[in-house]
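The values are calculated or read from the model by the stated rules, or taken from the named source; none is laboratory data. Remember, predicted model here, so these are calculated numbers, not experimental data. Here Cβ is always computed from backbone atoms with ideal geometry, including for glycine, and neighbour counts include all displayed protein chains. Surface areas here come from the heavy atoms of the whole protein model, side chains and all, with no ligands, DNA or RNA. Shrake-Rupley method; radii C 1.70, N 1.55, O 1.52, S 1.80 Å.
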Amino acid sequence: MADQFDLVVIGSGPGGYVGAIRAAQLGMKVAVVEKWPSLGGTCLNIGCIPSKALLHASELFEEAGHGFKSLGIDIPAPVLNLPQMMNHKAEVVASNVGGVDYLFKKNKITVLRGTGSIPAAGRVLVTPQSGAPTEVQAKNIVIATGSVSANLPGIEIDEKTVVTSTGALTLEKVPGHLLVIGAGVIGLELGSVWLRLGAKVTVVEYLDRILPGMDSEVARQFQRMLQKQGMEFKLSSKVAGVDKQANGALQVRVEPSKGGEAEALDADVALVAIGRKPYTEGLGLEAAGVALDERGRVKVDHGFKTSVEGIYAIGDVIAGPMLAHKAEDEGIAIAEILAGQAGHVNYAAIPAVVYTNPEVASVGKTEDELKAEGVNYKIGKFPFTANGRAKAMQATQGFVKILADVETDRVLGGHIVGKNAGEMIHELVTLMEFSGAAEDLARTTHAHPTLSEAVREAALALGDGAIHI
Ligand SMILES: Cc1cc2nc3c(=O)[nH]c(=O)nc-3n(C[C@H](O)[C@H](O)[C@H](O)COP(=O)(O)OP(=O)(O)OC[C@H]3O[C@@H](n4cnc5c(N)ncnc54)[C@H](O)[C@@H]3O)c2cc1C
């Protein structure tokens, strides 16, 4: 007789593994199906974690080369040891992936190795790389199969010279010229890594701005900062084709988005970073009767239920921002719902971070959105040039911008460009989670000297005024 589980999760990324752990904690008998050799999904293996390992290492390399002298630290120019930097990345990945193995054992979660498919509600077929498939029975099934890089038609990815983020995390040498297609988070983060390590980096973006979806003032100022670092941009431009030359180099055809004359750019590596698409291949969803939306995402209701009773979906494979913490929170919520609790995710307060230097972090509404919605809003801003700690740290680039409702003073959105913005944003996330007002933040004592004081000052600016400007 087939093994029986209360819950079978397909996919062990941040959505799947977190959901499985919470379900086990809530008393369910849980199995996770994973087709990759290691657990942790995109995020731990080829996404958030390896990219942050390289961002951290390359930022220190850049700082050792250019930021130490003025602090009174004289060292010879740093020498890049790329294989060791890649070892560091691999060790960080291994340690995080191993952490998921440990947590699964601790919570008595069964791992089923192979590709999961759903012949019908209540049944999951696991097909290993070699050997016969096995079937398990599941009271409930959660699809957490994530996403894969999107590609442009006619461009052939080889993960050596024409790469997705996966190849860009494993380049064997610093490219002379890296051409990044797409000025979104992944393109700018990985572009920054290779820029700091010595590559010339050109970013080609279809739209007339970088970081689509983020506050446009923030994006404009951030673009200037990246340009100062040497990153070049070709906005309102599209890549019409990538041709491989006999010597291995690339020629990238770039033309205006609206059409017009194409120019040819030479590059050593082209990174396609135009976004990601939901991944449902091999699940057999059509046969199982699970409906997809017009963009190929699994359609779910507010309780993550698909069109079939007993089958749920979370994470990148459903609508919403493709972020690890969004997937994790949906994992917790679905486990709680299946346990009869009131699991829920507040989509209005999900932070987003670009882990460059400076970092960009945001939560809630952008000014562009508030304008479009006709909301009567006010803006409180504070620059890091006026923050004592930022001066001490040579980190005066950027600012905090808080948007609040004119009548109620309720904070509607927060945007930070600056060092450690990705940590500081959580003050605003928590405030928004409690439907807090700018005055609540303005009256909260902040330790001095900290970068976070700039967040408070921006809140003060929404009332009687910031103090230090
Ligand atoms: C370069 C890069 C950097 C990123 N950086 C960040 C960041 O800093 N912060 C952030 O929040 N997000 C980041 N992301 C996005 C983040 O990785 C995703 O949002 C997150 O991994 C989604 O989690 P998930 O659980 O939905 O799916 P995934 O992490 O994609 O996991 C899906 C898992 O399902 C498995 N699977 C798929 N189909 C099957 C099947 N049929 N049977 C068995 N197993 C299957 C896959 O092998 C995979 O392990 C980054 C992404 C990339 C590519």
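Scanning region 371-395 for residues that are open to solvent by 50 Å² or more (accessible area, probe 1.4 Å), part of a loop (DSSP other than H, G, I, E, B) and at negative phi yields ASN376, MET393.
When region 396-416 is filtered for residues that are part of a strand (DSSP E or B) and crowded, with 21+ Cβ neighbours inside 10 Å, the ones remaining, listed by number, are PHE399, VAL400, LYS401, ILE402, LEU403, ALA404, VAL411, LEU412, GLY413, GLY414, HIS415, ILE416. The set of residues in region 134-175 that are among the small types (Gly, Ala, Ser) and open to solvent by less than 50 Å² (accessible area, probe 1.4 Å) comprises ALA138, ALA144, GLY146, SER147, SER149, ALA150, SER165, GLY167, ALA168. Do you know which residues across region 6-20 are open to solvent by less than 20 Å² (accessible area, probe 1.4 Å) and more than 11 Å from the ligand (Cβ to nearest atom)? Listed by number, the list holds a single entry, LEU7. Note on region 183-201: residues that are open to solvent by less than 10 Å² (accessible area, probe 1.4 Å) and either more than 10 Å from the ligand (Cβ to nearest atom) or among the hydrophobic types (A, V, I, L, M, F, W, C) (or both) total 9. Kindly indicate whether ALA386 is hydrophobic (A, V, I, L, M, F, W, C) and more than 27 Å from the chain's Cα centre (by Cα). So ALA386 passes the test. The one condition from (1) away from the ligand (no atom under 11 Å from the Cβ); (2) of a type in the set (Val, Ile, Thr); (3) assigned by TED's automatic domain parsing to the domain that holds LEU125 that VAL254 does not meet is (3).
Residue check: is GLU309 more than 16 Å from the ligand (Cβ to nearest atom), open to solvent by 20 Å² or more (accessible area, probe 1.4 Å) and not assigned by TED's automatic domain parsing to the domain that holds ASP215? Yes, satisfied.
The condition of being open to solvent by 70 Å² or more (accessible area, probe 1.4 Å) and in contact with a strand residue (DSSP E or B) (Cβ under 9 Å, 6 or more places away or on another chain) holds for GLN129. The residues in region 434-462 that are free of Cβ contacts under 8 Å to residues at least 60 places away in the same chain, in a loop (DSSP other than H, G, I, E, B) and open to solvent by 20 Å² or more (accessible area, probe 1.4 Å) can be counted, and the count is 8.
For region 192-211, the set of residues classified as within 21 Å of the chain's Cα centre (by Cα) and among the acidic types (Asp, Glu) consists of GLU205 only. Can you name every residue in region 116-147 that is within 8 Å of the ligand (Cβ to nearest atom) and either over 15 Å from ASP3 (Cβ atoms) or among the polar types (S, T, N, Q) (or both)? SER117, ALA144, THR145, GLY146, SER147, listed by residue number.
Take ILE332 and tell me if it is touching a Lys or Arg at 6+ places or on another chain (Cβ under 6 Å), within 13 Å of the ligand (Cβ to nearest atom) and over 25 Å from MET214 (Cα atoms). For ILE332, the condition - touching a Lys or Arg at 6+ places or on another chain (Cβ under 6 Å), within 13 Å of the ligand (Cβ to nearest atom) and over 25 Å from MET214 (Cα atoms) - is met. The residues on offer are GLY154, GLY187, GLY116, and the sole one that is of a type outside the set (D, E, K, R) and on the phi > 0 side of the Ramachandran plot is GLY154.
I want to confirm something. Restricting to region 295-349 and keeping residues that are without any contact (Cβ under 8 Å) to a residue 60 or more places away in the chain and among the β-branched types (Val, Ile, Thr), which single residue is nearest to ALA24 (Cα to Cα)? So the residue we want is ILE337. For region 130-160, a residue qualifies if it is acidic (Asp, Glu) and more than 16 Å from ILE274 (Cα to Cα), and the qualifying residues are GLU135, ASP158.
Of everything in region 34-73 that is open to solvent by less than 60 Å² (accessible area, probe 1.4 Å) and of a type in the set (Val, Ile, Thr), the residue that is nearest to the ligand (Cβ to nearest atom) is THR42. Among residues of region 57-89 being without any contact (Cβ under 8 Å) to a residue 12 or more places away in the chain and part of a helix (DSSP H, G or I), the one that is farthest from ILE21 (Cα to Cα) is LYS69.
Kindly establish whether ALA324 is surrounded by 16 or more Cβ atoms within 10 Å (Cβ to Cβ), near the ligand (Cβ under 10 Å from one of its atoms) and over 18 Å from the mean Cα position of the chain (by Cα). No, not satisfied.
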